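Below is one structure; the comments refer to it alone.
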């Protein structure tokens with residue numbers, strides 16, 4: 001477990017924000033246990049024991065005393081706040097963002113979105129966060145794309161334009177639920193199809209010309 | 001010993017609560033020993049550097065029945081952001097245009113020592129003390145995704161906590177404590193920690209198998225039956241035997257956010 005210099009307060013992640021996944025899940029949404037599609041962003045926290053850094057090795061999960069059968073990873077574009085953000089409009093949303101970063105969310109496979117996934121998502125060191133780049137280095141975040149490679153092979157490419165909700169929309173909506181503070185981070189959206197990983201894999205994500213994040217997967 | 005955090009003349013102070021508090025209202029500054037009248041302070045939530053806030057859903061046998069749920073076979077744990085925290089005698093808000101907001105009076109165990117894979121037998125070594133919280137919920141906002149979702153449970157001011165942390169050894173057995181809530185003086189919730197399904201040692205063992213627990217992490221252990229809607233102007237007092245009584249004033253969204261509304 002490593003302290004991360006970027007995130008100080010809370011790391012909020014947005015699930016089900018890949019429109020391909022969202023569209024593909026419509027039938028599932030209409031059945032038990034969900035019963036209807038989400039009307040609001042689906043959010044979860046990665047708590048402070050999960051925060052880690054670029055270059056860190058991520059522990060292989062142990063479940064019920066045994067090495068987990070499988071783990072997955074997703075990468076997300078993230079916004080880092082440098083001042084308080086409370087009840088802002090979409091137009092004002094980016095004013096309190098000081099930097100952009102990448103977040104890796106290592107977890108057990110996402111088998112259900114019904115209950116908070118503490119077992120899957122709260123593993124020590126499972127949320128490495130890259131160095132933040134200043135906002136002025138990027139003209140339009142919606143035009144960016146996040147590419148993830150496992151052992152050098154591309155496993156996902158997620159253009160931010162493919163998200164159900166935009167960066168500004170999410171910041172605005174979340175800022176009406178919870179006041180965001182300097183050092184809070186929102187991971188805006190992950191590819192719906194998380195990449196399977198094996199022990200010993202190397203996982204690298206990049207936003208071309210902006211930032212990158214490299215981690216390795218430990219052995220149980 | 002009871003430990004609190006207060007604002008006094010613009011300064012954040014760590015204080016202890018005097019033995020005579022019930023009659024004198026006196027607090028003592030930890031830094032210089034100055035005695036302070038509680039009438040002159042603003043109470044802050046008692047955990048100085050809040051870590052992960054765990055909360056339990058459906059963890060009282062009677063409350064699970066009230067909500068027409070089978071008691072869970074595994075704890076229903078969710079996380080809350082530190083933005084939800086506020087102190088004793090502070091405001092909490094009712095969002096505009098909702099139908100049902102209720103209190104939840106809960107015993108909170110505060111972690112005092114880091115640990116992973118802590119056994120049930122050793123669990124209490126990792127607890128510093130206890131406080132209580134009012135884990136408000138906005139039922140209108142429930143959706144079946146990571147339920148109870150953050151929109152229901154991670155709103156500003158909707159986790160009043162305090163007034164203080166009381167040392168573990170000053171409480172002793174926590175398995176038979178009366179848990180009550182009064183709204184505007186009327187008793188609306190009356191349970192007992194004896195009805196807790198997954199107790200504190202179980203939860204410490206369960207959570208620390210998944211993740212490292214650290215000082216400043218908190219486990220809110222769920223609430224008994226007796227839910228009631230809240231309105232601006234209501235005064236809610238949650239009380240747990242041997243721990244303390246936590247008072248909260250409900251205000252409108254407009255009043256709470258004032259110029260940010």
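The values are calculated or read from the model by the stated rules, or taken from the named source; none is laboratory data. Predicted, not measured: the structure shown is a model, and the values here were computed from it. Glycine also receives a Cβ, built like all others from the backbone with ideal geometry; neighbour counts cover every protein chain displayed.
Things to note:
- Test: residue in the stretch A:140-151 that is over 23 Å from residue A:21 (Cα atoms), part of a loop (DSSP other than H, G, I, E, B) and away from every other protein chain (no Cβ under 14 Å): yes
- Against the test of being crowded, with 17+ Cβ neighbours inside 10 Å, touching a strand residue (DSSP E or B) at 6+ places or on another chain (Cβ under 9 Å) and closer than 27 Å to residue B:167 by Cβ, the options B:25, B:51 yield a single qualifying residue, B:51.
- Against the numbered list (1) crowded, with 21+ Cβ neighbours inside 10 Å; (2) farther than 26 Å from residue B:27 by Cβ; (3) within 14 Å of chain A (Cβ to nearest Cβ); (4) at pLDDT 95 or above, residue B:104 comes up short only at (3).
- For residue B:23, the criteria (1) outside any strand (DSSP E or B); (2) modelled with pLDDT of 95 or more; (3) under 30 Å from residue B:146 (Cβ atoms) hold in every case but one, which is (3).
- Elements of type strands (runs of 3 or more DSSP E) contained in the stretch A:1-101, each with 2 or more residues being away from every other protein chain (no Cβ under 14 Å) and in contact with a strand residue (DSSP E or B) (Cβ under 6 Å, 6 or more places away or on another chain): A:71-81
- The stretch B:82-92: number of residues that are within 12 Å of chain A (Cβ to nearest Cβ) and under 14 Å from residue B:137 (Cα atoms): 2
- Within the stretch B:142-165, the set of residues being under 30 Å from residue A:30 (Cβ atoms) and either away from chain A (no Cβ under 14 Å) or not in a loop (DSSP other than H, G, I, E, B) (or both) comprises B:150, B:151, B:152, B:153.
- Looking only at the stretch A:175-206, and only at residues there that are assigned to a strand (DSSP E or B) and touching a helix residue (DSSP H, G or I) at 6+ places or on another chain (Cβ under 9 Å), the one that is surrounded by the most Cβ atoms within 10 Å (Cβ to Cβ): A:189
Matching residues to (1) outside the structural domain of residue B:209 (by TED's automatic domain parsing); (2) within 21 Å of the chain's Cα centre (by Cα); (3) surrounded by 21 or more Cβ atoms within 10 Å (Cβ to Cβ); (4) in contact (Cβ under 8 Å) with a residue 60 or more places away in the chain:
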position: B:72; (1), (2), (3), (4): no, no, no, yes
position: B:96; (1), (2), (3), (4): no, no, no, yes
position: B:118; (1), (2), (3), (4): no, no, yes, yes
position: B:122; (1), (2), (3), (4): no, no, no, no
position: B:142; (1), (2), (3), (4): no, yes, no, no
position: B:149; (1), (2), (3), (4): no, yes, yes, no
position: B:159; (1), (2), (3), (4): no, yes, yes, yes
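- Total residues in the stretch A:102-139, condition exposed (fewer than 14 other Cβ atoms within 10 Å of the Cβ), in a strand (DSSP E or B) and within 14 Å of another protein chain (Cβ to nearest Cβ): 0
- Of the criteria (1) within 26 Å of residue B:30 (Cα to Cα); (2) in contact with a helix residue (DSSP H, G or I) (Cβ under 7 Å, 6 or more places away or on another chain); (3) assigned to a loop (DSSP other than H, G, I, E, B), which one residue B:88 fails: (2)
- Total residues in the stretch A:150-174, condition over 30 Å from residue B:153 (Cβ atoms) and crowded, with 18+ Cβ neighbours inside 10 Å: 3
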